[in-house]
Structures are given as C-alpha cells and as structure tokens.
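A.B. asks: Structure below; questions to follow.
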Amino acid sequence: MAEQVLDLVAVLRGSHIFKRLSDAQVADVADLFSVQTFAEGQFIFKEKESADAFCFLLSGKVRLWRKLPAQQEEIAICDAEDYFGQDTLRPYRVHQVTAQARTAVTVAILSYKKYRDLLYRFPMLEDSFVVAFHSYNLLLRQPLLWRTPRETVHYLGRQHPLFLWLRLLPGLILLMVGLGLWVTYLVLLAKGLVFLLVLAGLVFLAGVIWVWWERLNWANKLMIITNRRAVYQERVVLFYDSQRETPLDAIVSEDIQTDFWGRWLGFGNLLVRTYTGMLPMKRIAAVREVKMILDEQRQQAMARSQRVRKRTLNEAIAQRLQKLPAAPAQEEEEEKIVPAQVRPGWFQTTLSRLLNVREQKGRLIIYRTHAFILIKRAGLYVLGVLVLWGLILWGLFAWRFAGVIFLIAFLFLVSLVGIGFAAWNIWDWRNDQYLITENELVDVYKKPLGKEVRRSSPIENIQTIDFTRPNFWALLFDFGTVIIRVGNDTLTFDDVPSPASVQREIFERFLEKKFLKEKRQAEQEQERIVEWIQAYDEYRRRYEGPLPPAAPQG
C-alpha cells in the first residue's frame with residue numbers, strides 16, 4: 001500500500017491540475033483518494049451510473065466508450081497518469097461513458113464529497129478542474145473525424161466566450177431594433193404603416209441570421225491537444241475551412257501572450273513554436289492551464305519512450321548474460337499505427353472511381369487534384385464539343401441550303417480542335433500527382449510532351465501539417481490544399497480531395513517513420529550497452545573469479 005501511495009503522489013505531482021501545489025500539499029491531496037485494483041475486463045464505472053468517481057490511472061490501460069444506437073463509440077484509451085470520470089466534477093450527474101479495464105489496472109478514485117473537500121482546502125485548483133470538465137464535455141459533443149485510432153484528446157477548447165458576445169453584438173442590436181419596430185407598429189395600429197411591420201420582420205430576420213452565423217463560426221474554432229499533436233481548427237461556414245497542426249516532437253517552445261484585458265478577464269494567446277514556424281492558439285480561456293496541459297503531454301510522450309527503451313534494454317541484458325533465447329519483438333500497443341477508416345460520401349466515391357483521384361499501390365499512395373479542377377479546366381471544351389456535335393446532327397437532318405456540307409465539315413474540324421484541347425487538359429491533369437511513398441512526399445508537375453518537375457521531402461523531417469479549404473466551392477465539393485513544412489522548405493498538395501483525409505494519412509506515415517527510427521536508434525544503443533556489460537562480465541569472471549560467499553552474521 002505504501003508503494004501505491006508513493007505512485008499516486010508522483011502521478012498527482014506530474015498532473016497539470018496540481019502544478020500549483022507544493023510537494024507537501026500534493027501529499028495531503030493524495031490522502032483524499034482511495035486506491036483500488038481492477039482485473040482485465042472489469043468495469044470501473046458504467047454509463048448512466050451516478051457519477052462519484054474521478055480517477056487517476058496509476059498503472060495499466062482503461063478504455064472509455066459509450067453506447068450508440070448501432071455500435072459502441074470509443075472515446076479514449078487512457079494510459080498511466082491519465083485521468084477520467086470528469087462527470088464527477090459536477091453535482092447530481094451521471095457518467096456519460098463507461099470505463100473498463102483493458103489490462104489489470106490500479107486506479108486512484110476521488111469521490112464527489114472528497115472533491116468538494118479538496119476545493120474547500122485548495123480553491124486555486126477550481127480553474128484546472130473547470131478546464132478538464134469542459135474539454136471532456138465538448139469532446140463528447142464534437143466529432144473529430146481526423147483523429148487516428150488510439151489518439152487520446154487531453155484538451156479541447158474554443159475561444160473565450162467574451163469574443164463570441166462581441167461578435168454577436170451587432171446581431172443582438174438588430175434583434176432589438178426589429179422588436180422595437182414591431183412594438184411601434186402594435187402601438188400605432190395604423191393600416192398605412194404595414195411597411196413598418198415588413199421592415200420589423202426583415203430586421204429581426206437579419207439579426208437571427210447574424211446571431212446564428214457568428215455562433216456557429218465561433219463554435220467551429222477549436223484548439224486541441226492530444227497525446228500526439230497540437231491542432232488549431234478553424235471553419236467559416238460555406239466559405240473557409242482549415243486545420244493546422246504540429247506533432248509534439250516538433251515543438252520547440254510554447255509562449256503565452258496576454259494584454260491588460262486578457263489578464264483581467266482570463267484569456268490569452270498560446271504561441272506554439274516549431275523549427276519552421278508557429279502554431280497560434282488565440283484568445284484561449286485559462287491559457288496558462290492549457291500551456292501546462294501541453295507541457296504535460298510532451299513530458300509524458302518522452303517518458304513513455306524512455307520506459308520502452310529501459311524495458312527492452314533490461315530484456316536484452318538478461319538474454320545476453322544468461323544466454324537466453326531472444327524473445328519475440330513486442331511493440332508498444334500505443335505506438336501501433338492502425339489505418340484510420342475513412343468513409344467518403346457517395347458522390348465523392350463515385351467520382352474517385354471514375355476519375356481515379358486516389359490510387360494505392362502497396363505502400364504508395366497517389367493523389368491527383370479534385371475532379372472539380374478537371375471539370376473547371378476541361379469542362380468548357382467538352383461542353384463546346386457536345387454543342388458542336390448537336391449542331392452537326394441537326395444540320396445533317398434539318399439543314400437544306402447551299403454549302404451545308406462545308407459548314408458541317410468546318411464545325412466537325414472545330415470540334416476536333418475542342419477534343420484536342422479537352423484531351424490535353426485531361427492528360428495534363430492526370431500527369432500532376434502527389435505521392436506519399438514509404439520515405440518521402442513527392443510533388444510531380446509534368447506537362448504533356450514537356451518538362452517534368454519533381455519536388456520531394458523526407459517524411460521523418462515534417463514539422464507541421466496544415467490544410468485549408470479556401471472558398472465556397474472548396475467547401476461544397478470538399479477539396480483544398482495541404483501544406484507540409486519540412487525543415488526550411490514548404491511542400492503543398494494543391495486542390496486535393498478531402499484534405500483532412502490526406503492530412504491524416506501523411507500524419508500516420510510520419511508517426512510510423514518516427515516510431516521505426518526511434519526503434520532502430522534504441523536497438524543500436526542497446527546493442528552497444530549490452531556489449532560493454534557482457535565484456536565487463538567476462539572480464540570479472542576471468543580475472544576476479546566468483547564473488548566470495550557472504551560471511552555469516554552472528
């Protein structure tokens with residue numbers, strides 16, 4: 001039990017929630033938790049049960065899921081040092097998810113009553129718990145389709161509500177003016193002022209549209225921190241959609257930027273700096289808390305890598321010194337790259353099959369620009385050819401004047417020219433390719449019968465991956481530009497279909513390369529260390545002999 005208490009204190013001390021407390025205060029907090037163990041498959045709590053368990057996971061893995069009408073939805077896979085059960089942070093609530101032990105686990109549980117005692121003793125922790133609860137609650141309502149399997153969201157937030165009200169203010173004024181005009185019409189009750197009633201309706205409708213528009217756009221600006229990356233997602237309905245992200249390994253530093261009003265009202269900018277640029281998360285509520293969450297996830301990612309290296313090193317030393325057979329290689333489950341299941345719509349699937357905008361040949365993925373771009377470039381020529389052929393058919397059966405044969409022949413020649421231009425543009429469209437290979441990203445620009453330009457960048461050097469849908473047509477037909485920053489260079493996949501899916505595939509390939517590279521480096525380092533230890537062991541056995549038996553104590 002004493003060892004479990006020490007583990008709990010270490011976990012609490014590393015959590016962003018308790019960063020403001022001293023070591024002695026963290027030890028006092030640990031006394032409020034009860035430590036329990038659960039076997040694999042056992043339920044820690046179930047959906048719709050009374051919420052009375054805010055948990056820190058000390059060891060093992062816990063799966064969070066909820067029931068949907070047709071299936072189970074996986075919310076997260078919690079690892080050691082993660083917390084869950086945020087429904088307990090509000091009174092009279094039930095759990096919205098089920099927590100089930102995926103392995104044998106040890107869990108520290110804080111009841112709601114103990115949570116209230118904790119806030120009474122340390123009121124400065126309330127902001128941290130508020131951020132944890134709001135992130136969890138928003139995650140259950142906000143689908144993140146780009147999230148890869150086993151990717152756990154630790155923070156999900158929007159801009160400070162102050163900026164929502166500032167943007168709603170003109171719409172609210174329009175609503176008040178519309179209501180005022182309507183009241184004026186009712187007071188006057190003059191038939192000659194019907195235009196006043198119409199004007200009131202138009203102004204009120206404009207206010208409703210304004211409020212709806214701004215509320216939706218504010219809700220679509222999301223800041224996300226997962227166990228793998230930091231993401232800024234922005235969407236303006238019908239006009240603009242972009243997602244900027246950077247892997248945790250590529251982050252150099254995080255800076256907080258505030259002004260007088262931000263310090264007073266509790267918001268600021270979190271500037272996430274990478275080797276090649278910056279990922280700005282602007283106007284975040286409780287920005288210092290968000291920075292601590294990002295720091296915590298970076299540290300946990302490094303700690304997980306260190307634990308894996310240490311365990312494999314111990315196994316390698318034991319096998320070499322004790323002459324044991326090599327154990328089969330085991331990958332950390334959280335590092336396995338599981339392909340995401342992408343299900344595009346019927347229209348996009350049909351176009352992809354007809355026009356082959358995405359091909360996969362083994363490990364090679366080939367993208368072309370969206371079919372909308374092809375239609376934009378070659379559609380006018382195809383339409384012109386169809387019109388000319390229609391005229392030709394009409395002329396063959398209906399025209400009866402001198403020289404009709406020459407006119408039809410001329411129209412036929414013009415249609416051949418149109419076919420040539422259409423074929424040229426289709427050929428040119430097919431030649432422009434974006435390749436995701438085993439080791440690099442390649443942009444191929446090739447003119448028919450002309451020059452070819454190939455730009456490539458190694459996947460393992462990726463710093464940030466962003467995408468944008470720049471206009472109404474891009475949003476309507478789901479295409480956009482994926483921007484990959486690699487070192488001092490920038491590579492763009494222009495006008496590709498479903499840029500979020502392209503971004504996800506590139507990110508998954510990056511994670512895979514990162515894992516394989518770290519694995520090779522760890523194996524090389526372990527081999528050197530094991531050779532040194534084996535040489536020392538052989539020297540000791542040869543020149544020093546076996547160690548003498550311990551003298552009896554008496």
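Let's see how each residue does on (1) in contact (Cβ under 8 Å) with a residue 24 or more places away in the chain; (2) surrounded by 13 or more Cβ atoms within 10 Å (Cβ to Cβ); (3) more than 21 Å from Pro123 (Cβ to Cβ); (4) not basic (Lys, Arg):
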{"site": "Val9", "(1), (2), (3), (4)": "no, yes, yes, yes"}
{"site": "Arg20", "(1), (2), (3), (4)": "yes, yes, no, no"}
{"site": "Val29", "(1), (2), (3), (4)": "yes, yes, no, yes"}
{"site": "Glu40", "(1), (2), (3), (4)": "yes, no, yes, yes"}
{"site": "Cys78", "(1), (2), (3), (4)": "yes, yes, yes, yes"}
{"site": "Phe84", "(1), (2), (3), (4)": "yes, yes, yes, yes"}
{"site": "Gln96", "(1), (2), (3), (4)": "yes, yes, yes, yes"}
{"site": "Val105", "(1), (2), (3), (4)": "yes, yes, yes, yes"}
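A.B. asks: Hey, could you check segment 129-159 for residues that are modelled with pLDDT under 85 and of a type in the set (Lys, Arg) and say which is farthest from the chain's Cα centre (by Cα)?
C.D. replies: Ranking the qualifying residues of segment 129-159, first place goes to Arg150.
A.B. asks: Just for segment 223-242: of the residues that are out of contact with any Asp or Glu (no Cβ under 8 Å at 6 or more places or on another chain) and at pLDDT below 90, which one is surrounded by the fewest Cβ atoms within 10 Å (Cβ to Cβ)?
C.D. replies: Leu238
A.B. asks: It is to be established whether one or more residues within segment 323-339 are out of contact with any Pro (no Cβ under 7 Å at 6 or more places or on another chain) and modelled with pLDDT of 55 or more.
C.D. replies: Yes, that holds for at least one residue.
A.B. asks: Which is within 30 Å of Met278 (Cβ to Cβ) and either in contact with an Asp or Glu (Cβ under 9 Å, 6 or more places away or on another chain) or modelled with pLDDT of 80 or more (or both), of Ile392, Ile465, Ile419?
C.D. replies: Exactly one of Ile392, Ile465, Ile419 is within 30 Å of Met278 (Cβ to Cβ) and either in contact with an Asp or Glu (Cβ under 9 Å, 6 or more places away or on another chain) or modelled with pLDDT of 80 or more (or both), namely Ile465.
A.B. asks: Quick one: Trp399 ticks every box in (1) farther than 22 Å from Gln433 by Cβ; (2) crowded, with 16+ Cβ neighbours inside 10 Å bar one, so which box is it?
C.D. replies: It is condition (2) that Trp399 fails.
A.B. asks: Ok, one more. When residues of segment 243-260 are filtered for being of a type in the set (Ser, Thr, Tyr) and at pLDDT below 80, how many remain?
C.D. replies: Total meeting the criteria: 0.
A.B. asks: Of everything in segment 357-408 that's of a type in the set (Val, Ile, Thr) and closer than 30 Å to Val502 by Cβ, which residue is nearest to the chain's Cα centre (by Cα)?
C.D. replies: Ile365
A.B. asks: Which ones in segment 491-527 are in a helix (DSSP H, G or I), more than 30 Å from Ala318 (Cβ to Cβ) and acidic (Asp, Glu)?
C.D. replies: Glu505, Glu508
A.B. asks: Just one of (1) surrounded by fewer than 19 Cβ atoms within 10 Å (Cβ to Cβ); (2) over 14 Å from the mean Cα position of the chain (by Cα) trips up Glu214, so point out which.
C.D. replies: All conditions pass for Glu214, except number (1).
A.B. asks: Residues that are of a type in the set (D, E, K, R): find the strands (runs of 3 or more DSSP E) completely inside segment 436-479 holding 3 or more of those.
C.D. replies: Filter on segment 436-479 gives 440-446, 452-458.
A.B. asks: If you don't mind, there's one more thing I want to ask. Pick from Ile366, Ile392, Ile408: which is in a strand (DSSP E or B) and in contact with a Leu (Cβ under 7 Å, 6 or more places away or on another chain)?
C.D. replies: Just a single option satisfies the conditions, and that option is Ile366.
A.B. asks: Further, regarding this structure: Pick from segment 261-298 the residues that are surrounded by fewer than 18 Cβ atoms within 10 Å (Cβ to Cβ) and under 23 Å from Thr490 (Cβ atoms): which of them is modelled with the lowest pLDDT?
C.D. replies: Only one residue fits best here, namely Tyr275.
A.B. asks: Check segment 175-186 and report whether any residue there is assigned to a helix (DSSP H, G or I), small (Gly, Ala, Ser) and surrounded by fewer than 19 Cβ atoms within 10 Å (Cβ to Cβ).
C.D. replies: The answer is yes, given that some residue of segment 175-186 is assigned to a helix (DSSP H, G or I), small (Gly, Ala, Ser) and surrounded by fewer than 19 Cβ atoms within 10 Å (Cβ to Cβ).
A.B. asks: To continue, here is another question. Please count how many residues of segment 242-268 are in contact (Cβ under 8 Å) with a residue 40 or more places away in the chain and part of a strand (DSSP E or B).
C.D. replies: 9
A.B. asks: Right, next: Please verify whether segment 113-134 includes one or more residues that are among the polar types (S, T, N, Q) and under 21 Å from Ile293 (Cα atoms).
C.D. replies: For segment 113-134, residues among the polar types (S, T, N, Q) and under 21 Å from Ile293 (Cα atoms): present.
A.B. asks: Within segment 299-316, track down each residue that is crowded, with 17+ Cβ neighbours inside 10 Å and modelled with pLDDT of 75 or more.
C.D. replies: Across segment 299-316, the qualifying residue is only Gln300.
A.B. asks: Going by the conditions given, is Ala230 without any contact (Cβ under 8 Å) to a residue 24 or more places away in the chain, of a type in the set (A, V, I, L, M, F, W, C) and outside any loop (DSSP other than H, G, I, E, B)?
C.D. replies: Criteria not met by Ala230.
A.B. asks: Would you check if Gln36 is touching a residue at least 24 places away in the same chain (Cβ under 8 Å), buried (at least 19 other Cβ atoms within 10 Å of the Cβ) and either assigned by TED's automatic domain parsing to the domain that holds Phe133 or of a type in the set (A, V, I, L, M) (or both)?
C.D. replies: The answer is no for Gln36.
A.B. asks: Scan segment 451-466 for residues that are out of contact with any helix residue (DSSP H, G or I) (no Cβ under 9 Å at 6 or more places or on another chain) and not polar (S, T, N, Q) and jot them down.
C.D. replies: Matches in segment 451-466: Lys451, Val453, Arg454, Arg455.
The values are calculated or read from the model by the stated rules, or taken from the named source; none is laboratory data. Please read these numbers as outputs of a predicted model, since none were measured by experiment. Neighbour counts run over all protein chains shown; Cβ positions are idealised from the backbone, glycine included.
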